[in-house]
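A.B. asks: First, the structure itself, so that you have it in front of you.
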Amino acid sequence: MNKQLRGPVIAGNWKMNLSPAETEALIKETKPLVAGAKCGVVFCVPFVDLQAALEAAAGSNLKIGAQNCHWEARGAFTGEVSAAMLKEIGVEYVIVGHSERRTLFGDTNETVACRARAALDAGLTVILCVGESLEQRERDITMEVVRVQTKIALAGVSKAELARVIIAYEPVWAIGTGLTATAAQANEVNRGIRGLLAELYGQAAADSVVIQYGGSMNAANAAELVAQPDVDGGLIGGASLKAADFAAIVKAASEG
Ligand code: 13P
């Protein structure tokens, strides 16, 4: 399938950055710069910024996502936010399984699967993060690790629901380090993920899934990454906090 038919998606993951006032300012600055984008454009923002983000982005092509959700709809889960709560205020996307949630906050393949399940049930689009550590890459088990992460997260996800799943391949060693996977490394893993999806759902379904790359993607390296046949855009951390840099990445994906 022509990757332009899948349509790349550039998603900014702000992580724990920016206040509601700063959210409004950055979205107002970014909106005109990405208005004509020929790719999906998403900002995944901290929970307290969601309302400001939704208001600032209203009527534009910029979609808003959260960075996590809990798997239960309600209950005694202090500090958590449910997928249905996100949906109710107008959020469309949610990141699940980011490596920072896995390494710093105890997420496992199983809890990531529960979060993805809840997000899909609530009608959200899931951005599922997978990726190997440096040690795993050095042991040459990257593809095994990524296959296990993907397979467990998608257990119970139907072919119809797969249309609301984006996979973000984010090698842990490339996140926030300035080290980027080479375009060939990114494409190789993304192609492997698509191969797994073909085993699970058939080739046509696999060909329609957006598979991003993430990890120190920036205005300078985006064009080469998104030009790869199996790299359908990116999940952008640091560079998504600067309107001009983010817009340059969106432009690269629009043209790639
Ligand atoms: P950086 O772009 O800052 O490396 O972060 C990538 C990331 O973790 C996006 O989710």
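A.B. asks: Using a 1.4 Å probe, how large is the accessible area of Thr177, given in Å² and rounded to the nearest 10?
C.D. replies: 80 Å²
A.B. asks: May I ask for the distance between the Cα centers of segment 128-174 and segment 98-127, given as a whole number of Å?
C.D. replies: Taking the Cα centre of each part, segment 128-174 and segment 98-127 sit 12 Å apart.
A.B. asks: In whole percent, what relative contact order does segment 95-159 give with Cα contacts below 8 Å and a gap of six or more residues?
C.D. replies: 39 percent
A.B. asks: What distance in nm separates the simple spin-label points at Ser208 and Gln51, each placed 7 Å from Cα in the Cβ direction?
C.D. replies: Calculated label separation equals 3.7 nm.
A.B. asks: Ignoring ligands, DNA and RNA, how do Arg101, Arg139 rank by accessible area with a 1.4 Å probe, largest first?
C.D. replies: Arg139, Arg101
A.B. asks: Right, here's the next one. How large is the dipole of segment 61-210 about the Cα centre if only Lys and Arg carry +1 and Asp and Glu carry -1, each at its Cβ, rounded to the nearest 20 debye?
C.D. replies: That gives segment 61-210 a dipole magnitude of about 280 debye.
A.B. asks: For an R0 of 25 angstrom, estimate the FRET efficiency from the Cβ-Cβ distance between Glu88 and Ala163 and round to the nearest 0.05.
C.D. replies: FRET efficiency, Glu88 to Ala163: 0.70.
A.B. asks: Taking R0 as 41 Å, what FRET efficiency do you get between Lys151 and Lys242 from their Cβ-Cβ distance, rounded to the nearest 0.05?
C.D. replies: For Lys151 and Lys242, the calculated efficiency is 0.70.
A.B. asks: What is the extension gain from Met16 to Ala227, computed as 0.36 nm multiplied by their sequence separation minus the C-alpha to C-alpha distance, in nm to one decimal?
C.D. replies: The span from Met16 to Ala227 would gain 73.0 nm if fully extended.
A.B. asks: Here is a further query. Which is farthest toward the positive dipole end of segment 1-89 among Val41, Leu18, Gln51, measuring Cα position about the Cα centre, with Cβ charges +1 (Lys, Arg) and -1 (Asp, Glu)?
C.D. replies: Val41
A.B. asks: Let me spell out the model: positive unit charges on the Cβ of Lys and Arg, negative unit charges on the Cβ of Asp and Glu, origin at the Cα centre of the chain. What dipole size does that give, in debye rounded to 20?
C.D. replies: 400 debye
A.B. asks: Roll a 1.4 Å probe over the protein heavy atoms and report the accessible area of Lys3 in Å², nearest 10.
C.D. replies: Result for Lys3: roughly 30 Å² accessible.
A.B. asks: How much length is gained if the chain between Leu200 and Glu144 is pulled fully straight, taking 0.36 nm per residue apart and subtracting their Cα-Cα distance, in nm to one decimal?
C.D. replies: 18.6 nm
A.B. asks: Measuring from a point 7 Å past the Cα of Ala58 along Cα-to-C-beta, which residues in segment 80-122 have an amide N at less than 19 Å?
C.D. replies: Backbone N within reach: 86-93.
A.B. asks: Remind me, relative contact order of segment 98-256 in percent, using alpha carbon pairs under 8 angstrom and six or more residues apart?
C.D. replies: Here the relative contact order equals 20 percent.
A.B. asks: For segment 3-68, what is the accessible area per residue in Å² when the probe is 1.4 Å?
C.D. replies: Averaged over the residues of segment 3-68, the accessible area is 43 Å².
A.B. asks: Further question: Tell me the label-point distance for the pair Glu110, Arg191, using the 7 Å Cα-to-Cβ offset, in nm and rounded to one decimal.
C.D. replies: For Glu110 paired with Arg191, the spin-label model returns 3.6 nm.
The values are calculated or read from the model by the stated rules, or taken from the named source; none is laboratory data. Treat the numbers as computed from the prediction; the structure is a model and nothing was measured. All Cβ positions, even for glycine, are placed from backbone atoms using ideal geometry, and neighbour counts span all protein chains on display. Side chains are part of the model used for accessible areas, which takes the heavy atoms of the whole protein and leaves out ligands, DNA and RNA. Shrake-Rupley method; radii C 1.70, N 1.55, O 1.52, S 1.80 Å.
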